[in-house]
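The values are calculated or read from the model by the stated rules, or taken from the named source; none is laboratory data. All values reported here derive from a predicted model rather than from experimental measurement. Cβ coordinates were reconstructed from backbone atoms using ideal geometry, including for glycine residues, and neighbour counts include every protein chain displayed. What goes into the accessible areas is simple: the full protein's heavy atoms, side chains included, and nothing from ligands, DNA or RNA. Shrake-Rupley method; radii C 1.70, N 1.55, O 1.52, S 1.80 Å.
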Amino acid sequence: PLKLVYVGRLDRTKGIDIIIKAVRGLPKAALRFDIYGVAQGAPGEAYSRYLRGLAQRDPRINFMKSIPSGGVIEKLGEYDLLVVPSRWLETGPLVALEAFAAGVPVLGSDLGGIAEAVHHDQDGILVKSRSPKVWSAWLQALAGDRALAARLRGGVVAPRSMEAVATEMIGLYSALTGAGTISASARRS
C-alpha cells in the first residue's frame, strides 16, 4: 500500500478529517494512513474522538502514539508521503522540513508556508482545495502510479542544516561589520 503519515497536533485547523474522508472515499485503494497526533486540551480531545469516529472500521487508518521529537525524521523515513492538509496558513511547517530531511515528499495544502516549502510536482503535491474528493483524486493517482511517488521522492532536497545556516549568518554578519570587527561608526550608534 501507499503509506501516508500525519504528524502533529490533532486540531480541526490541521485538516486531518479531510484525509480520513479522502481515504474512506477510496475503499479499494491500497493505502495506509498512520496518524501520530497529539490532542491538546478539551478541543483536541473532542476532535480526536471525531476523527476516530470517522475512521471507524477502516483498518487502513491507524491512530499511533506520538513520536518523541528526536525520532520524527527517522519515523517519517518509513513512509511514502507526509500529508499536511491544513485549513489555515501555516507560517513555517517544520514537519514538512522534517519530511524532506527524511527524503519523503509532501502532499499538502496550497497555503502559506506549506506552499512556500513544497514545490508542486517536484518534491510534493500542493492541493488547492479542502474537498475530500479532490484529495481522494490525488491519493488515487499516487496509489495507482507508484512511479509518480518515486519521482517526487527523487525530487526531495534535504533542508540546510542548522550548522550551515549558522555559518552563512556568521559570514553575512562578518561582511556587514568589516570581517568580524565592528566599525567605530557602528559602535557609536
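Some notes on this structure:
- Each residue in segment 125-173 was checked for being open to solvent by 60 Å² or more (accessible area, probe 1.4 Å) and in contact with a strand residue (DSSP E or B) (Cβ under 7 Å, 6 or more places away or on another chain), and 1 pass.
- When 15, 77 are checked against the criterion of being crowded, with 19+ Cβ neighbours inside 10 Å, at pLDDT 95 or above, small (Gly, Ala, Ser) and within 15 Å of the chain's Cα centre (by Cα), 15 stands alone in meeting it.
- Verdict on residue 65 being among the basic types (Lys, Arg) and under 14 Å from the mean Cα position of the chain (by Cα): no
- Among the residues making up segment 152-179, a single one is on the phi > 0 side of the Ramachandran plot and either in contact (Cβ under 8 Å) with a residue 12 or more places away in the chain or not aliphatic (A, V, I, L, M) (or both): 178.
- If you check 143, 137 for being within 16 Å of residue 23 (Cβ to Cβ) and free of Cβ contacts under 8 Å to residues at least 12 places away in the same chain, only one passes: 137.
- In segment 1-12, the residues that are within 9 Å of residue 82 (Cα to Cα) reach residues that are in a strand (DSSP E or B) and hydroxyl-bearing (Ser, Thr, Tyr) with C-beta atoms within less than 9 angstrom, at least six apart or across chains, in these pairs: 5/36; 6/36; 7/36.
- Those strands (runs of 3 or more DSSP E) lying entirely in segment 25-140 with at least 1 residues more than 21 Å from residue 159 (Cα to Cα): 31-38, 61-64, 124-127
- Residue 43 meets each of the listed conditions (1) free of Cβ contacts under 8 Å to residues at least 60 places away in the same chain; (2) within 28 Å of residue 147 (Cα to Cα); (3) open to solvent by 80 Å² or more (accessible area, probe 1.4 Å) apart from (2).
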